[in-house]
Amino acid sequence: MKLHQGLSHQLRHRPLPAAVGRITEMVISGVLIVFAAAFAIHSIAIPATTDLTGTLSASEVLQHHLGCPYSQNLTTSLTSKAGFDLLNAGSVPASTFPFPFNEPSVVALALTPLTGLPLSVAAAIFALLLLASLGGAWAISLGRSPLGPPVERWAIGAAVLLSIPDDGGLNLLQPEPLLLCLAALAVVALARDRDKSAGVLLGFVALKPQLVWPAILALLILRRWSAVGAGALTALTLWAVSLAVLPKGCVTLWLSSATAPFVLTQGDGIPSIVGQLTGSKILELGAELISAGVVWILLNALRKRGYDVGALLGVAFAAAIVFSLHAMDYDLVFVAPLAAWLYRRSYVPPWSLILFGVLASAANVTDLKMGTAIWTRLIVTIGFAAAAAILLTRRAGKRGQELTAP
């Protein structure tokens, strides 16, 4: 009752356009939250349709030394063990899922606590963890700067993090929200000159290299050598462990699986699109190298215009979505640091960020009906280009506050 009275009081004492804007924000964010909840419920009800299934199966294979977790025929390995009851615990062999496990093996080992649970229970726990990570990442990215009303702040968060193309990773139960939370913490650490801590955090994000390489370029441009060194050491350690736990002969299988043409060309980034259109690996890799050059020039230009580490890292994470091989729909959550920076500094009106989420969602629905992905890619690319143009056409000023911990 008090909440209802308070909202009514705010609307009565606010000019009509502002009141309409707040109501619109609430409706849009509410719709996106409902969609995200539907994705999460579907993933929990039918977890065999998610990537979590393959990851948990790979974890079981590693724990019980059943063979190579990247094998396309895990069913034989699992069921050939006398008295083996993992299937009865609710797990489904990765070979029954159309997208087999391709991540570094430490990702599978990290989910060991979930392997003894029924698959739906494991999916529910993981979905809740992803939701908490999304909220945490947005709160961390906003910091303590003086901002607009809570409804506005969280409406933007819903539009950016829960747009239908990415749905916060809830549709496939991908770990992107967890990595986003680490990336947001890394930005805070860099803003506080805690470079080694930031590097360690980015080293974990590097478990998905396509998401972090532009951030490494930004750190090189900023000459944050400690962050680069700590990140490289952390990433190398994680990848070394991933290789060390694999049985003999499995490394070759993993590399061939992870670099298969289907995997590299699958994605929404410009290099992947080049690969899809031409069918040429050489042109695809050439497009990636050209993209890296474009990102380097852009980040260097922003540094010369006086932008802080938060702006450069935000642009870098967003650039990964546009310019990386194997950048997928669910990676779109990595626009959050840039969106939060633009909002905090009042570089763009709040409604423009909400509009981006709405247009991305509408484009995705259109693509699903047409059997393409062109409209979603177009909206994401235009959104990134618009943000870059806004930053390049002005110098960094004292707009808003520096990023601080929430």
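The values are calculated or read from the model by the stated rules, or taken from the named source; none is laboratory data. Remember, predicted model here, so these are calculated numbers, not experimental data. So basically every Cβ, Gly included, is an ideal-geometry build from the backbone, and we count neighbours across all protein chains shown.
Answer yes if at least one residue in segment 270-286 is under 24 Å from residue 205 (Cβ atoms), surrounded by fewer than 18 Cβ atoms within 10 Å (Cβ to Cβ) and among the β-branched types (Val, Ile, Thr), and no otherwise. Among the residues of segment 270-286, not one is under 24 Å from residue 205 (Cβ atoms), surrounded by fewer than 18 Cβ atoms within 10 Å (Cβ to Cβ) and among the β-branched types (Val, Ile, Thr), which makes the answer no. There is no residue in segment 313-327 that is farther than 28 Å from residue 224 by Cα and not in a helix (DSSP H, G or I). Residues in segment 20-49 that are hydroxyl-bearing (Ser, Thr, Tyr) and within 29 Å of residue 355 (Cα to Cα): 24, 29, 43. For segment 156-172, state whether one or more residues are assigned to a loop (DSSP other than H, G, I, E, B), surrounded by fewer than 21 Cβ atoms within 10 Å (Cβ to Cβ) and in contact with a Leu (Cβ under 9 Å, 6 or more places away or on another chain). Yes: segment 156-172 contains one or more residues that are assigned to a loop (DSSP other than H, G, I, E, B), surrounded by fewer than 21 Cβ atoms within 10 Å (Cβ to Cβ) and in contact with a Leu (Cβ under 9 Å, 6 or more places away or on another chain).
The residue that is farthest from the chain's Cα centre (by Cα), counting only those in segment 249-271 that are in a loop (DSSP other than H, G, I, E, B) and at pLDDT below 70, is 260. If you check 239, 254, 296 for being touching a helix residue (DSSP H, G or I) at 6+ places or on another chain (Cβ under 7 Å), among the aromatic types (Phe, Trp, Tyr) and surrounded by 14 or more Cβ atoms within 10 Å (Cβ to Cβ), only one passes: 296.
Screening 189, 184, 227, 198 for residues that are under 17 Å from residue 309 (Cα atoms), surrounded by 16 or more Cβ atoms within 10 Å (Cβ to Cβ) and out of contact with any Leu (no Cβ under 8 Å at 6 or more places or on another chain) leaves exactly one candidate, 184.
For (1) buried (at least 22 other Cβ atoms within 10 Å of the Cβ); (2) free of Cβ contacts under 8 Å to residues at least 40 places away in the same chain; (3) touching an Asp or Glu at 6+ places or on another chain (Cβ under 9 Å); (4) farther than 22 Å from residue 144 by Cα, each residue gets a yes or a no:
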residue	(1), (2), (3), (4)
305	no, no, no, yes
322	yes, no, yes, yes
339	yes, no, no, no
353	yes, no, no, no
358	no, no, no, yes
361	yes, no, no, yes
